[in-house]
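Working notes, beginning with the structure itself.
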Amino acid sequence: MGERPLQDEMPFAIVLGTPLTMPPKDLYIPPDALEVFLEAFEGPLDLLLYLIKRQNLDILDIPIARITEQYMRYIDMMHGAKLELAADYLVMAAVLAEIKSRMLLPRPPGQQPEEDDPRAELVRRLQEYERYKKAAEDIDALPRLERELHRVVVEFEQRERRALPPAVSLDVVLAAFRDVMRRNEMFGDHRIQREPLSVRERMSIVLERAVADRFIAFVELFNAAEGKAGAVVSLLAVLELLRQRLIELVQNDERAPIYIKLAA
């Protein structure tokens, strides 16, 4: 097998069209030209919580000596990188050193052991910080406007719809209704019973009788045998159908009969 050709070395810069694979010998790089910002930890409690979780330690039984050693190692690393340390990190280092000394120093004979664990206050602060951190992460995971959600503005053309009044005036309809009422009085009686009359049902009956290809006389919608109550229900049904634009009234002249047909 023949040897594979080696890939050419990639230039780290191109100056005036000339690729450079080696930095110039007179190139000066200031010592502070490169700065490293560590944003993984938001404070000493966040660092301690990270050290505890990384080793799967029980937060209620912290091996304070090991955690203190790792914490100080991190502080030394930040010093070595010439990063400016916040005062909170140094205060926490002093707190850890105090807790470690209280747990390691022997007690004089005859002295009653302390009832409180020196780590109790630190554990309480860590648990409280963990709860607030978890709540902040849950809130940040919620959908946010201009991040996951974006406003959408849809403009619609304004369309004005003007409903024209019926071609037949209400006075003419009422005059025709008065004629119907006069005829119904001729069939009046004194039956005392409740007549099951429904405007909604009468509207369905009117729509069934009206057809689109022919006209039906207005007076044909009223049954004289139903009396005044039936006539009123029929009139209400006709007016409601007119309001909903389901039927139309037509009259050739003022004295001509009124006809009904389905709306176009």
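The values are calculated or read from the model by the stated rules, or taken from the named source; none is laboratory data. All values derive from a computational prediction rather than experimental measurement. Backbone-built Cβ (ideal geometry, glycine too); neighbour counts: all protein chains shown.
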Inset, instruction - Answer yes or no: is there a residue in region 169-176 that is in a helix (DSSP H, G or I) and either under 30 Å from residue 60 (Cα atoms) or in contact with an Asp or Glu (Cβ under 8 Å, 6 or more places away or on another chain) (or both). - result: yes
Legend entry - Complete set of residues in region 207-264 that are in a loop (DSSP other than H, G, I, E, B) and hydrophobic (A, V, I, L, M, F, W, C): 210, 211, 212, 215, 222, 246, 256, 258, 263, 264
Inset, instruction - Show the residue pairs that are 6+ apart or on different chains and have beta-carbon atoms under 8 Å apart, the first residue being within region 204-230 and on the phi > 0 side of the Ramachandran plot, the second being assigned to a loop (DSSP other than H, G, I, E, B) and surrounded by 14 or more Cβ atoms within 10 Å (Cβ to Cβ). - result: none
Inset, instruction - Inspect all residues belonging to region 165-172 and state whether any of them is surrounded by 10 or more Cβ atoms within 10 Å (Cβ to Cβ) and either farther than 30 Å from residue 240 by Cβ or without any contact (Cβ under 8 Å) to a residue 40 or more places away in the chain (or both). - result: yes
Inset, instruction - Would you mind stating whether residue 46 is in a loop (DSSP other than H, G, I, E, B) and at pLDDT 75 or above? - result: no
Legend entry - Conditions (1) surrounded by 14 or more Cβ atoms within 10 Å (Cβ to Cβ); (2) at pLDDT below 85: number failed by residue 189: (1)
Legend entry - Check on residue 144, out of contact with any helix residue (DSSP H, G or I) (no Cβ under 8 Å at 6 or more places or on another chain), surrounded by 10 or more Cβ atoms within 10 Å (Cβ to Cβ) and either at pLDDT below 80 or charged (D, E, K, R) (or both): yes
Legend entry - Conditions (1) at pLDDT below 80; (2) surrounded by 10 or more Cβ atoms within 10 Å (Cβ to Cβ); (3) of a type in the set (Asp, Glu); (4) more than 20 Å from residue 70 (Cα to Cα): number failed by residue 128: (1)
Inset, instruction - Please enumerate the residues belonging to region 209-264 that are more than 50 Å from the chain's Cα centre (by Cα) and acidic (Asp, Glu). - result: 213, 220, 226, 253, 254
Inset, instruction - Restricting attention to region 62-89, report how many residues are in a loop (DSSP other than H, G, I, E, B) and modelled with pLDDT under 80. - result: 6
